[in-house]
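> One structure is given below, represented as structure tokens, and several questions about it will come after.
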């Protein structure tokens, strides 16, 4: 992968329990509004079409019986996101497929609080070198998950981010002690997963311009648009085809046929990206049967 070409926001902004509804802040600054994209661009750089995820639980607190959420609960929440249809609409962005969980590792050394990007990269590099986690590849994304209350020194206003250091893709997933809030581990993970796949080298791939004219990524413009499904908060992301924030919970045959009708070549290529064992709604199966029989 080449070096990052331009500046684009790559973090997950921390949100209050009730996000503000006014368009300007107290100082007159513009507040970006969910679901508004002034400009969409595919800059032609890398996307991760067959993503594999490595979860690194960073810190001894994860092994504590009082950890909230526990390591097992956080992993289960992330697995529920990966196993559902959450990533299905990303197929429109050059056939990004559903991510797979490649490995999970507990790293008992406690992170500095706050930690720096270099310290996060150094921790991941050490684990790769020792063989504790799989070696790097362009399709592997290493996410460091920290215990509740740990912050990033380089991203003080954020609860997560993703980046590329010239050798591997990585990110940080913060933790507010819940699985259901706007700043919870699964919400931040889903936000960063969509962006790390569609714009792995920030600014090089799929990017948007938000309502304030800022360069952003596809989850940034949907950051406060979430759903809590089976006790797990999940973040929406921008679908250029739908012109809206979307949060798919299944793989929709109807949606892929719609894409094919709009652009047959792209639509059918996207349809081929559907995993064979992906969850499908009965209504979609009936739609496919009727479509093929008509």
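The values are calculated or read from the model by the stated rules, or taken from the named source; none is laboratory data. Keep in mind that what you see is a predicted model, and the values were worked out from it rather than measured. Don't worry about glycine lacking a Cβ; one is built from the backbone with ideal geometry, like all the others, and counts go over all protein chains shown.
> Looking at (1) in a helix (DSSP H, G or I); (2) under 20 Å from the mean Cα position of the chain (by Cα); (3) at pLDDT 95 or above, which is the only condition residue 91 fails?
(3)
> Among the residues of the range 184-217, what is the count of those that are under 22 Å from residue 101 (Cα atoms) and not in a helix (DSSP H, G or I)? Before the answer, list the steps.
Pass one, the range 184-217, residues under 22 Å from residue 101 (Cα atoms): 184-201.
Now drop any that are not not in a helix (DSSP H, G or I), which leaves 184, 199-201.
Summing the residues that are under 22 Å from residue 101 (Cα atoms) and not in a helix (DSSP H, G or I) in the range 184-217 gives 4.
> Let me ask something else. Considering only the range 218-227, state which residues are under 17 Å from residue 185 (Cα atoms) and in a loop (DSSP other than H, G, I, E, B).
Initially, the range 218-227 is screened for residues under 17 Å from residue 185 (Cα atoms), giving 219-220, 222-227.
Selection gives 219, 223, 224, 225.
> Here's something else I'd like to know. If we keep just the residues of the range 127-144 that are farther than 19 Å from residue 200 by Cβ and in contact with a strand residue (DSSP E or B) (Cβ under 9 Å, 6 or more places away or on another chain), which is surrounded by the most Cβ atoms within 10 Å (Cβ to Cβ)?
Taking the range 127-144 and keeping what is farther than 19 Å from residue 200 by Cβ, we get 127, 129-132.
Among the residues that remain, those that are also in contact with a strand residue (DSSP E or B) (Cβ under 9 Å, 6 or more places away or on another chain) are: 127, 132.
Values: 127: 20, 132: 14.
Among residues in the range 127-144 that are farther than 19 Å from residue 200 by Cβ and in contact with a strand residue (DSSP E or B) (Cβ under 9 Å, 6 or more places away or on another chain), the one surrounded by the most Cβ atoms within 10 Å (Cβ to Cβ) is 127.
Here is a yes/no grid of residues against (1) within 27 Å of residue 95 (Cβ to Cβ); (2) more than 19 Å from the chain's Cα centre (by Cα):
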site	(1), (2)
118	no, yes
126	no, yes
133	yes, yes
145	no, no
160	yes, no
166	yes, yes
174	no, no
180	no, no
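> Test of understanding: among 147, 114, which residue is at negative phi and either loosely packed, with under 15 Cβ neighbours inside 10 Å or in contact with a strand residue (DSSP E or B) (Cβ under 6 Å, 6 or more places away or on another chain) (or both)?
On the way: 147 fails: either loosely packed, with under 15 Cβ neighbours inside 10 Å or in contact with a strand residue (DSSP E or B) (Cβ under 6 Å, 6 or more places away or on another chain) (or both).
Answer to the selection: 114.
> So, one more: I'm checking my understanding of the structure. Among residues of the range 98-109 that are under 14 Å from the mean Cα position of the chain (by Cα) and at pLDDT 95 or above, which one is surrounded by the most Cβ atoms within 10 Å (Cβ to Cβ)?
Taking the range 98-109 and keeping what is under 14 Å from the mean Cα position of the chain (by Cα), we get 98-101.
Add one more test, that the residue is at pLDDT 95 or above, and what stays is 99-101.
On the way: 99: 23, 100: 13, 101: 15.
Among residues in the range 98-109 that are under 14 Å from the mean Cα position of the chain (by Cα) and at pLDDT 95 or above, the one surrounded by the most Cβ atoms within 10 Å (Cβ to Cβ) is 99.
> Within the range 56-74, work out how many residues are part of a helix (DSSP H, G or I) and surrounded by fewer than 18 Cβ atoms within 10 Å (Cβ to Cβ). Quick ask: steps written out before the conclusion?
Taking the range 56-74 first, the residues part of a helix (DSSP H, G or I) are 60-63, 71-74.
Applying the additional criterion that residues be surrounded by fewer than 18 Cβ atoms within 10 Å (Cβ to Cβ) yields 60, 63, 72-73.
Count: 4.
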